[in-house]
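So the structure is just underneath, and the comments pick up after that.
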Amino acid sequence: MQLIVRSAAGDKTVTLSEACTLKQLKMVVENETFIPSAQQALVAEDELLVDEEATCEELGLFEGMEVELLLDVEGGAKGDSRYKKATSKFRWKWNKKRTRRLQKKRRKMRMRAR
């Protein structure tokens with residue numbers, strides 16, 4: 001059975017048996033794309049393939065089907081991290097403080113010019 005694996009790097013054609021499991025499919029894709037199987041997320045027909053021990057038949061994969069390869073990477077701030085980017089609330093306060101500081105500076109300059 002041949003599957004077409006679509007990724008950001010391009011399309012690859014993978015040949016495997018119908019009794020192949022998802023874990024084996026990920027290993028074949030790893031050999032083709034050099035992306036570790038732990039970081040692979042495979043999507044077929046808008047459904048994430050999760051069950052590692054399920055065969056291609058059980059997952060609904062058939063000859064010539066397109067499988068999308070996504071990278072399963074973590075990122076972004078989690079919860080209340082002190083390294084989280086400033087929210088709009090803090091940005092608003094900072095802009096207000098900056099505006100007042102600049103107004104004071106301009107007032108001072110006008111007083112000197114008199």
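Taken together, the values in this text are just the output of simple stated rules run on the coordinates, not laboratory data. No experiment lies behind these values; they were computed from the predicted model shown. Cβ placement follows ideal geometry from the backbone for every residue including glycine, while neighbour counts extend to all protein chains displayed.
What the table shows:
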| quantity | calculated |
| --- | --- |
| At R0 = 30 Å, FRET efficiency that the Cβ-Cβ distance of A8 and R91 yields, to 0.05 | 0.35 |
| Mean shadow area of the chain over all directions, Cα convex hull, nm² | 12.3 |
| Length-normalised contact order of the chain in % [C-alpha pairs under 8 Å, at least 6 apart] | 27 |
| Label point distance in nm, M27-F62, each placed 7 Å from Cα along Cα→Cβ | 2.8 |
| Cα-based convex hull, the range 1-64, per residue volume (Å³, whole number) | 80 |
| Hz values of 3J(HN,Hα) by residue in the range 46-57 - Karplus curve (6.51, -1.76, 1.60), Gly and Pro given as x | 6, 10, 6, 8, 10, 5, 5, 8, 6, 7, 5, 4 |
